[in-house]
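Q: Take a look at the following structure, please.
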Amino acid sequence: MHFENWEELEKISPITNGNWNKDFLYEYLVRSCDGKFAERLDAFFMKHRNDAVLAGLLFDFLLDEAYSGSDCQKGAAYYIARLDKELLRNEKERRLFSVGR
């Protein structure tokens, strides 16, 4: 997909009816590496820095080999680093304990 400006990108909000859309979140993460979207996307993601579902999706992108080295993965890493620290601890514990099951 190609987006000329924030208004075009915003039309595919990754949150619809309170649920995250992984395909649209992917687009937001890819565009986060484009300077013309960075400021708006930073503001968007900061509003959701306490969202556990978002944290899970970001880690899914980060750890999925299919996205290795992509702008999506770079965006996911950047926004993971900005998540709430308690949320990060909880996500770490959830992932560590789910591996042993």
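The values are calculated or read from the model by the stated rules, or taken from the named source; none is laboratory data. Everything quoted here is computed from the prediction, not taken from an experiment. Don't worry about glycine lacking a Cβ; one is built from the backbone with ideal geometry, like all the others, and counts go over all protein chains shown. Please note that ligands, DNA and RNA were not included when accessible areas were found on the heavy atoms of the full protein model with its side chains. Shrake-Rupley method; radii C 1.70, N 1.55, O 1.52, S 1.80 Å.
Q: In a shell of Cβ-Cβ distance under 13 Å around A43, excluding A43 itself, what net charge do Lys and Arg (+1) and Asp and Glu (-1) give? Can you show the working numbers first?
A: Numbers: positive: R40, K47, R49, R82; negative: E10, E39, D42.
For residues surrounding A43, the net value is +1.
Q: Could you size up the charge dipole of the chain around its Cα centre, putting +1 on the beta carbon of Lys and Arg and -1 on that of Asp and Glu, and report it in debye to the nearest 20? Kindly include the intermediate steps, with their values, before the conclusion.
A: Values: 15 positive and 18 negative charges, 99 e Å.
Taking the Cα centre of the chain as origin, the dipole is about 480 debye.
Q: If I stretch the segment between I15 and S68 completely, what's the gain in nm (0.36 nm per residue apart, minus their alpha carbon distance), one decimal? Spell out each step's value before the answer.
A: On the way: separation 53, 0.36 × 53 = 19.08 nm, distance 2.44 nm.
Taking 0.36 nm per residue and subtracting the Cα distance, the gain is 16.6 nm.
Q: So, one more: Of the heavy-atom accessible surface of the chain (probe 1.4 angstrom), what whole percent is carbon and sulfur? Walk me through the numbers on the way to the answer.
A: Details: 3180 of 6300 Å².
That share works out to 51 percent.
Q: Given the -39500 (n - 2.57) contribution per DSSP H run of 4+ residues, what per-residue ellipticity at 222 nm results for the chain, rounded to the nearest 500 deg cm²/dmol?
A: -19500 deg cm²/dmol
Q: If you don't mind, there's one more thing I want to ask. Could you tell me the calculated FRET efficiency between A52 and E4, based on Cβ-Cβ distance and R0 = 35 angstrom, to the nearest 0.05?
A: On the way: r = 33 Å, r/R0 = 0.95.
Step by step, r from the Cβ atoms, then E = 0.60.
Q: Among residues other than L87 whose Cβ falls under 13 Å from its Cβ, what is the net charge (Lys/Arg +1, Asp/Glu -1)?
A: Cβ neighbours under 13 Å give a net charge of +2.
Q: Counting other Cβ atoms within 10 Å of each Cβ, which GluC sites (Glu not before Pro) in the chain have at most 12 and sit in a DSSP loop?
A: E4
Q: To one decimal place, what Kirkwood hydrodynamic radius in Å is obtained for the chain from all pairs of distinct Cα atoms? It would help to have the intermediate numbers written out before the result.
A: On the way: mean 1/r = 0.0714 Å⁻¹.
Here the Kirkwood hydrodynamic radius works out to 14.0 Å.
Q: In addition: So how much accessible area does S70 have, in Å² to the nearest 10, using a 1.4 Å probe?
A: Per-residue accessible area (S70): approximately 30 Å².
Q: Given Cα pairs under 8 Å that are at least 6 residues apart, what percent is the relative contact order of the chain? Mind showing how you got there, number by number?
A: Details: 83 pairs, mean separation 25.5, N = 101.
It comes to 25 percent, rounded to a whole number.
Q: Just the number please: accessible area per residue for the range 40-101, 1.4 Å probe, all protein chains included, in Å².
A: 63 Å²
Q: For D84 and F97 in one chain, what is 0.36 nm times their gap in residues minus the Cα-Cα distance, to one decimal in nm?
A: Net length gain for the segment: 2.7 nm.
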